[in-house]
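What follows is calculated from the coordinates using simple rules that are stated; it is not laboratory data. Just so it is clear, the model here is predicted, and its values are computed rather than measured. Using ideal geometry, Cβ is built from the backbone for each residue, glycine included, and neighbour counts are taken over all protein chains shown.
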Amino acid sequence: VAISPPIEMTGGHTHIAVGLSGGAMAVYDEETFEQIKFAIHCKEDIDELKYAPNAKYLAVGSHDNYVDLLDVANDYAMLCRLAGHSSYIKHIDWSADSRVIQSVCGGYEVLYWNVATGRQFRSTHDSVESDTIWADWTSSLGFPVMGIYPPDADGTDVNAVHRTRDGRLIAVADDFGAISLFCAP
């Protein structure tokens with residue numbers, strides 16, 4: 001089960017999306033607990049869901065190795081499928097302007113996506129990685145989290161990462177039962 005951070009919608013309602021086994025997803029009103037939407041978007045479990053900062057989109061990552069981009073205002077209709085990962089989706093982060101998605105998979109690939117076109121940024125001449133301002137950072141990979149791994153650790157030792165909204169601190173949960181706080185980067 002995966003739960004999105006809540007997002008305030010126009011009209012004052014707050015939505016929470018929940019990813020379930022078997023590719024199912026449900027959306028609830030945070031105040032009334034009323035189910036707003038239930039859908040099956042893929043065949044395998046959903047592990048990651050994130051609303052865009054502008055509340056227009058929901059990105060859904062699954063064990064099918066895809067990120068599905070949904071249109072919130074259009075009853076969570078599928079806009080496009082972002083395909084390119086070789087393993088299940090572990091983390092999704094949105095840029096602050098809701099124009100770029102960063103996704104990380106179980107194969108430790110970091111891919112960047114253009115939300116308007118649904119296409120992956122592939123050029124070695126672009127500056128997406130270095131110049132994008134991220135709304136959140138939950139990936140265990142990348143410059144902002146380069147010092148979080150203990151000596152002799154592998155990628156599986158870090159289970160959860162979250163950078164504070166002001167970008168100054170990073171909380172890390174690991175395999176050893178510890179929660180550590182780091183300066184970012």
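Take the Cα of A26, step 7 Å toward its Cβ, do the same at A153, and the gap between the two points is 3.4 nm. For K37, the lysines whose Cα falls under 22 Å of its own Cα, not counting residues fewer than eight places away in the same chain, are K50, K56. Kirkwood radius for the chain, taken over all pairs of different Cα atoms as the inverse mean of 1/r, rounds to 16.9 Å. The protection proxy used here, the mean number of other Cβ atoms lying within 10 Å of each residue, ranks peptides 150-162, 78-90, 6-18, 58-70 as follows, highest first: 58-70, 78-90, 6-18, 150-162.
Segment Q35..I179, full-extension length gain: 48.5 nm, with 0.36 nm per residue of separation and the alpha-carbon distance subtracted.
When only alpha carbons of segment 81-185 are considered, Rg and Dmax amount to 13.9, 41 Å. Note on segment 34-165: with charges restricted to the Cβ of Lys and Arg (+1) and Asp and Glu (-1), its dipole about the Cα centre is near 360 debye.
If you bin the C-alpha pair distances of segment 127-185 every 5 Å from 0, what whole percents do you get? Answer for segment 127-185: a P(r) of 4, 19, 32, 24, 13, 7, 2, 0 percent. Between the residues N74, S87, C105, the greatest Cα displacement towards the positive end of the dipole of segment 64-185, with unit charges on the Cβ of Lys, Arg, Asp and Glu, is found for N74. Antiparallel DSSP bridges in segment 62-140: what percent, to the nearest 5? Percentage antiparallel, nearest 5: 100. Each part gets one Cα centre, and for segment 19-34 versus segment 119-149 those centres are 29 Å apart. Fully extending the segment from N114 to H13, taken as 0.36 nm per residue of separation minus the present Cα-Cα distance, adds 33.6 nm. Take the Cα radius of gyration of segment 33-138 and divide it by 2.2 N^0.38 Å, with N its residue count; two decimals is plenty. Cα Rg divided by the expected 2.2 N^0.38 Å: 1.03. Our Cα-only numbers for segment 62-110 put the radius of gyration and Dmax at 11.3, 33 Å. Hey, how much of the P(r) for segment 1-59 falls beyond 16 Å, as a percent of Cα pairs? Cα-Cα pairs in segment 1-59 separated by more than 16 Å: 39 percent.
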